[in-house]
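Structure first, commentary second.
The values are calculated or read from the model by the stated rules, or taken from the named source; none is laboratory data. Being a predicted model, the structure only gives us computed values, none of them experimental. Here Cβ is always computed from backbone atoms with ideal geometry, including for glycine, and neighbour counts include all displayed protein chains. These accessible areas exclude ligands, DNA and RNA; they are computed on the full protein's heavy atoms, side chains included. Shrake-Rupley method; radii C 1.70, N 1.55, O 1.52, S 1.80 Å.
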Amino acid sequence: MSFVIPFLLVVFALIATGALLARLSRTNTSTDKNNTSAMIEQVNAVLPQTQCAQCGYPGCRPYASAIIEQNEQINRCPPGGDKTITDLSNLLGTPVIPLNNECGVVKPPLVAIIDESVCIGCTLCIQACPVDAIVGASKLMHTVIQNECTGCELCLPPCPVDCIELLTPQQTAADWQWPRPA
Amino acid sequence: MNTLLNTLATRLGFHNQQPPFSFHGGLPLNPNKRALGESIVEPPLPPYLIIPLINYAKQSLTPTVAVGDSVRRGQLLAAGVVAPTSGKIKAIKPHATIHPDTLAVNAIVLHCDGEDKRGNPSASDNPQELGGASDNLSRLIKLRSSGKQSQMQQLVDQFALSGLGGAGFPTAEKLLGNTTPVKTLIINAAECEPEISCDEALIQSDAIDIVKGIDAAVQLSQCDQCIVAIEDSKPAAIENLQSALKDKPTAAQLMIIPTRYPTGAESPLIECVTGKYIPHNQKPTDHGVVCINIATALALWHALDNAPLDSRVLSLGGQSMPNPCNVRVRFGTTVNFILHSTGNNSVVNDHRIRAGGPLSGFDLQNLSVPITAHTNCILAEPRVEITDAQACIRCGQCADVCPARLLPQQLHWHAMADDLNGCKQFQLDACIECGCCDLVCPSSIKLTETFRYAKSQARFRDTLELKAVAAEQRFTEREHRLEQRALARKRAIEERKKTIQSSSEPDREEIKAALARARAKRQPKQSR
Ligand code: SF4
Ligand code: SF4
Ligand code: SF4
């Protein structure tokens with residue numbers, strides 16, 4: 001009998017620890033999930049939101065998920081350029097690597113403009129625009145809302161009459177910046 | 001007897017409130033008001049005026065007139081912009097403006113016909129016929145108290161009233177648009193920057209109308225108290241204001257504040273008058289304080305009297321200006337024309353011409369640029385060699401004089417490293433670009449220039465960030481919409497399949513029979 005009590009105690013202790021561990025590991029997986037989505041959010045916030053798909057994913061958020069969930073490289077975003085790579089490397093604690101040229105090259109910011117006299121109103125560009133920046137209706141003239149356009153160039157290939165052009169946006173008083181002092 | 005009592009009361013300081021407070025930092029500068037003369041010079045109307053279509057927030061405006069239209073003085077050209085004289089619209093095209101980079105902005109070119117006719121040629125378009133000044137004032141007050149916002153706005157729009165101080169914020173909005181009740185209305189007559197004396201000149205010539213304007217502002221804002229703050233270095237203007245205030249019973253009181261740059265800037269002035277330092281991320285209106293410029297008060301009175309704001313007084317000064325003076329010019333007059341018509345044309349070729357004061361302004365590269373509501377000064381200075389900056393010796397003098405209580409030396413370090421987060425941490429936003437730090441720095445470091453640069457960088461980054469957030473939202477919404485559409489299509493197909501499967505046997509029999517009939521019909525054709 002004197003053997004049984006310590007034995008039982010040990011058993012109880014084991015069961016208790018087991019339950020605790022199980023519980024801990026459960027909470028661990030759920031915080032992991034929370035962590036993952038929080039990390040995706042943070043990575044997404046660093047990406048420029050051009051939604052151009054040059055990274056090989058259908059948009060900025062999908063690329064952010066791939067970086068976190070599939071260990072995708074951080075150098076696939078041409079619109080973000082070096083700044084995005086540096087920011088991502090700071091965020092994730094990975095080394096800075098040069099931009100992957102297969103994805104594209106760094107360009108100055110651009111906006112699309114439709115030559116309204118040539119547009120035939122086919123609506124193909126509307127369907128291609130990832131941020132709904134084009135307005136128009138079937139067989140009617142289309143136009144780009146300049147303020148909403150991210151310059152992703154996705155509307156260029158579908159246009160059957162090549163009436164969309166990408167231009168450097170005009171310098172406005174609100175965007176003007178003081179020069180850097182020498 | 002009454003006058004005797006009044007003088008006595010004034011002497012004893014009953015009428016003039018003493019400033020109970022001071023503000024942090026600042027510098028006693030030589031006022032150097034060489035433009036202040038006997039009277040205000042009135043040059044002739046120029047042959048043409050250039051009106052930039054842009055508002056105080058640097059948003060472009062859509063013109064309400066077209067090329068070829070004839071306009072009269074006071075007619076609306078765009079929201080908050082009126083024609084400064086009568087004439088014909090010759091063009092609407094980008095034109096260089098007063099800007100450090102001579103930025104071109106879409107502008108109306110108005111050829112003046114010299115007749116300066118007022119009023120709207122098509123008066124029937126204008127349902128709100130304007131009455132006299134006091135009629136308009138009581139009408140506005142009535143509209144305000146009965147909550148008729150849109151009618152009030154319509155009336156106010158015709159005033160074209162923007163602040164004549166620095167920023168050009170729409171004044172009517174300040175007076176009529178606040179949600180928290182106004183405790184203190186401050187009329188800013190401090191005009192603290194050296195060389196600038198346009199407000200002082202106005203007080204000396206127009207004090208009676210100014211006081212009428214102040215009274216109107218008091219009634220419109222429904223403030224508890226109104227304080228007219230003026231620096232002690234302007235004895236003549238103080239006397240004019242005192243006697244004008246005595247003649248018109250109004251709730252406004254004169255407060256004589258010490259002459260110390262930059263008391264005329266909004267936050268030091270509020271601190272000086274109320275003792276409250278309002279942090280940069282809060283608005284004065286949140287604290288029940290509204291601040292308007294004294295020239296704006298006069299413009300308010302004129303606007304109520306059916307003369308919308310279309311001109312201003314500005315100071316011509318600087319070491320090299322041969323004929324310094326205060327001039328009254330219409331908006332849209334070019335700097336070149338002003339200098340020529342005041343006998344100052346000798347400076348245009350070999351001097352530095354500056355728009356704005358010696359501290360707040362910047363050099364102009366092109367003189368064919370039109371003046372606007374916030375051009376308060378034009379200076380001619382000799383060309384000087386810029387002294388090279390030395391390393392910071394951490395003397396801390398810049399922090400001592402900073403009215404925004406910043407640490408300019410730290411800010412400079414972060415700004416030059418393009419570390420915008422560091423700048424934010426040291427409250428770059430609070431910098432009012434007064435230039436005090438530059439003046440005291442023994443190492444001649446261009447602190448203010450650096451802060452202007454970093455501030456514009458931060459502003460640009462913020463707009464990019466806002467744009468990115470909007471793009472991401474539009475992208476997500478589109479994804480969601482496409483998903484819903486695909487889902488709906490799938491559901492419809494499944495629905496359809498189900499109806500076919502669940503359709504009753506007799507129907508199927510009928511279909512079979514119909515098929516058999518069709519085949520039977522086709523058979524003979526094939527066998528032939
Ligand atoms: S308009 Fe064209 S370039 Fe602009 S965001 Fe849409 S698809 Fe991209
Ligand atoms: S320019 Fe800015 S940092 Fe320098 S003293 Fe003025 S408010 Fe302070
Ligand atoms: S005044 Fe000039 S030298 Fe002195 S601490 Fe400030 S920046 Fe440095």
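Taking the conditions (1) in contact (Cβ under 8 Å) with a residue 40 or more places away in the chain; (2) more than 14 Å from chain A (Cβ to nearest Cβ); (3) in contact with a helix residue (DSSP H, G or I) (Cβ under 6 Å, 6 or more places away or on another chain) in turn, B:Gly422 satisfies each one other than (1).
Restricted to segment B:288-406, the set of helices (runs of 4 or more DSSP H) holding at least 1 residues that are modelled with pLDDT under 90 comprises B:294-304. Name every residue in segment B:467-490 that is within 14 Å of chain A (Cβ to nearest Cβ), open to solvent by 70 Å² or more (accessible area, probe 1.4 Å) and more than 16 Å from ligand 1 (Cβ to nearest atom), in order of residue number. Once the filter is applied, which keeps residues that are within 14 Å of chain A (Cβ to nearest Cβ), open to solvent by 70 Å² or more (accessible area, probe 1.4 Å) and more than 16 Å from ligand 1 (Cβ to nearest atom), segment B:467-490 yields B:His480, B:Glu483, B:Arg485.
Selection of segment B:61-95 for residues being assigned to a strand (DSSP E or B) and either more than 24 Å from B:His302 (Cα to Cα) or of a type in the set (Gly, Ala, Ser) (or both) yields B:Ser70, B:Ala78, B:Gly87, B:Lys88, B:Ile89, B:Lys90, B:Ala91, B:Ile92, B:Lys93, B:Pro94, B:His95.
Considered as a group, the residues in segment B:401-413 that are open to solvent by 20 Å² or more (accessible area, probe 1.4 Å) and more than 14 Å from every other protein chain (Cβ to nearest Cβ) include one that is nearest to ligand 1 (Cβ to nearest atom), and that residue is B:Gln410. Of the listed requirements (1) within 16 Å of ligand 3 (Cβ to nearest atom); (2) away from chain A (no Cβ under 14 Å); (3) touching a Pro at 6+ places or on another chain (Cβ under 9 Å), B:Phe451 misses just one: (2).
Going residue by residue through segment B:219-226, is there one that turns out to be in contact (Cβ under 8 Å) with a residue 60 or more places away in the chain and under 24 Å from B:Ile378 (Cα atoms)? So far as segment B:219-226 goes, no, none of its residues is in contact (Cβ under 8 Å) with a residue 60 or more places away in the chain and under 24 Å from B:Ile378 (Cα atoms).
B:Glu200 falls short on exactly one of the conditions (1) under 18 Å from the mean Cα position of the chain (by Cα); (2) open to solvent by 10 Å² or more (accessible area, probe 1.4 Å), and that condition is (1). In segment A:158-168, is there at least one residue being within 10 Å of another protein chain (Cβ to nearest Cβ), crowded, with 16+ Cβ neighbours inside 10 Å and in a loop (DSSP other than H, G, I, E, B)? No; the residues of segment A:158-168 include none that is within 10 Å of another protein chain (Cβ to nearest Cβ), crowded, with 16+ Cβ neighbours inside 10 Å and in a loop (DSSP other than H, G, I, E, B). Among the residues of segment B:173-196, is there at least one that is open to solvent by 50 Å² or more (accessible area, probe 1.4 Å), among the hydroxyl-bearing types (Ser, Thr, Tyr) and in the same structural domain as B:Cys291 (by TED's automatic domain parsing)? Yes, segment B:173-196 contains a residue that is open to solvent by 50 Å² or more (accessible area, probe 1.4 Å), among the hydroxyl-bearing types (Ser, Thr, Tyr) and in the same structural domain as B:Cys291 (by TED's automatic domain parsing). Given the criteria away from chain B (no Cβ under 13 Å), modelled with pLDDT under 95 and under 20 Å from B:Ala470 (Cβ atoms), does A:Thr143 qualify? In short, yes. For segment B:491-508, the criterion of being open to solvent by less than 70 Å² (accessible area, probe 1.4 Å) and either at pLDDT 90 or above or within 30 Å of B:Ile386 (Cα to Cα) (or both) is satisfied by at least one residue.
Is it the case that some residue within segment B:431-439 is away from ligand 3 (no atom under 14 Å from the Cβ) and within 11 Å of chain A (Cβ to nearest Cβ)? Checking segment B:431-439: at least one residue is away from ligand 3 (no atom under 14 Å from the Cβ) and within 11 Å of chain A (Cβ to nearest Cβ). Looking across segment A:56-91, the residues that are in a loop (DSSP other than H, G, I, E, B) and either open to solvent by 30 Å² or more (accessible area, probe 1.4 Å) or away from chain B (no Cβ under 14 Å) (or both) come down to A:Gly56, A:Tyr57, A:Pro58, A:Gln70, A:Asn71, A:Glu72, A:Gln73, A:Ile74, A:Asn75, A:Arg76, A:Pro78, A:Pro79. Selection of segment B:430-452 for residues being more than 21 Å from B:Ala391 (Cβ to Cβ), surrounded by 23 or more Cβ atoms within 10 Å (Cβ to Cβ) and in contact with a helix residue (DSSP H, G or I) (Cβ under 6 Å, 6 or more places away or on another chain) yields only B:Cys431. Applying the criterion of being open to solvent by 20 Å² or more (accessible area, probe 1.4 Å) and within 14 Å of chain A (Cβ to nearest Cβ) to the residues of segment B:361-384, the residue that is farthest from ligand 1 (Cβ to nearest atom) is B:Asp363. Can you find even one residue in segment B:251-259 that is among the hydrophobic types (A, V, I, L, M, F, W, C), farther than 26 Å from B:Arg330 by Cα and touching a Phe, Trp or Tyr at 6+ places or on another chain (Cβ under 6 Å)? No, every residue in segment B:251-259 fails to be among the hydrophobic types (A, V, I, L, M, F, W, C), farther than 26 Å from B:Arg330 by Cα and touching a Phe, Trp or Tyr at 6+ places or on another chain (Cβ under 6 Å). A count restricted to segment B:232-259 and to residues that are closer than 19 Å to B:Leu36 by Cα and not acidic (Asp, Glu) stands at 9.
When residues in segment A:119-151 are screened for being more than 15 Å from ligand 1 (Cβ to nearest atom) and open to solvent by 60 Å² or more (accessible area, probe 1.4 Å), 4 of them pass.
Residues are listed down the side, and each one gets a yes or a no for (1) open to solvent by 20 Å² or more (accessible area, probe 1.4 Å); (2) within 22 Å of the chain's Cα centre (by Cα); (3) at pLDDT 90 or above; (4) basic (Lys, Arg):
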| residue | (1), (2), (3), (4) |
| --- | --- |
| B:Lys88 | yes, no, yes, yes |
| B:Ile98 | yes, yes, yes, no |
| B:Lys117 | yes, no, no, yes |
| B:Asn120 | yes, no, no, no |
| B:Lys142 | yes, no, no, yes |
